[in-house]
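The block underneath contains the structure these notes are about, expressed in structure tokens.
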Amino acid sequence: QSNKEALDYLHNRGLSDDMIKEMNLGFCLKGQLLSVKDNSNSKLNKEDLKKLGFFKDNGTETFQDRIMFPIKDEKGNIITFAGRTMKDEKPKYLHTGETSIFHKSELLYNFSDVKNLSYNDEIFIVEGYMDVIGAKKIGMDNVVALMGTALTEAHIALFKELGVEIRLCLDSDNAGQNAMYSTLKLFGKAK
């Protein structure tokens, strides 16, 4: 794999260079993280990166040859990454492990960008990263993604704080329909 193949993959998915830049997408080339030096001058060494989930227990890179999606907290600080395969590998997406600052059940992809656009308006909830990007391509900037997890009470608290209407746009497969039902029940309890 190469950076060019990753760029071609994103272009073939309909993303322009401007969209790639706007979403801060990257690519983790195989061996890229292995060049990190274990020395006192480095801000992060291999052991730190392993604790953060960038290396597997066997020493291989978690995200090698994957498109990288930065995950931001509510304030817009990048706190972790998700990596998407360009092949038919399972799982399609990988995340770093949970840390003291990254709890997947408390974050929504693209929320920090959306919250400033959505006060007293509406937010659309989709399932994944590429769904958010697909919506942006057609001019919908008020879209967040669940990042492969179910909607939680922590997510609902984020929406309540904004005072927005929620539009669920989950996939029509069985998993998406089940998630829609669970989500509606959770919203019902949160009133």
Practice problem: Among what's in the range 1-33 and is touching a strand residue (DSSP E or B) at 6+ places or on another chain (Cβ under 6 Å) and open to solvent by 40 Å² or more (accessible area, probe 1.4 Å), pick the residue that is nearest to Asp65 (Cα to Cα). | Solution: Asn3
Quiz item: Would it be correct to say that Leu117 is open to solvent by 80 Å² or more (accessible area, probe 1.4 Å) and among the hydrophobic types (A, V, I, L, M, F, W, C)?
Solution: yes
Quiz item: Of the residues that make up the range 64-73, is at least one open to solvent by 70 Å² or more (accessible area, probe 1.4 Å) and either at pLDDT 80 or above or in contact with a helix residue (DSSP H, G or I) (Cβ under 8 Å, 6 or more places away or on another chain) (or both)?
Solution: no
Quiz item: If you check Glu98 against the conditions, is it in a loop (DSSP other than H, G, I, E, B) and either open to solvent by less than 20 Å² (accessible area, probe 1.4 Å) or within 21 Å of Asp131 (Cα to Cα) (or both)?
Solution: no
Quiz item: Can you name the residue in the range 135-175 that is touching a residue at least 40 places away in the same chain (Cβ under 8 Å), assigned to a helix (DSSP H, G or I) and within 23 Å of Leu10 (Cα to Cα) and is also least open to solvent (accessible area, probe 1.4 Å) among such residues?
Solution: Lys136
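The values are calculated or read from the model by the stated rules, or taken from the named source; none is laboratory data. These numbers come from a predicted model, not from an experiment. Note that we place each Cβ from the backbone using ideal geometry, even for glycine, and neighbour counts take in every protein chain shown. SASA here: full protein model, heavy atoms, side chains in, ligands and nucleic acids out. Shrake-Rupley method; radii C 1.70, N 1.55, O 1.52, S 1.80 Å.
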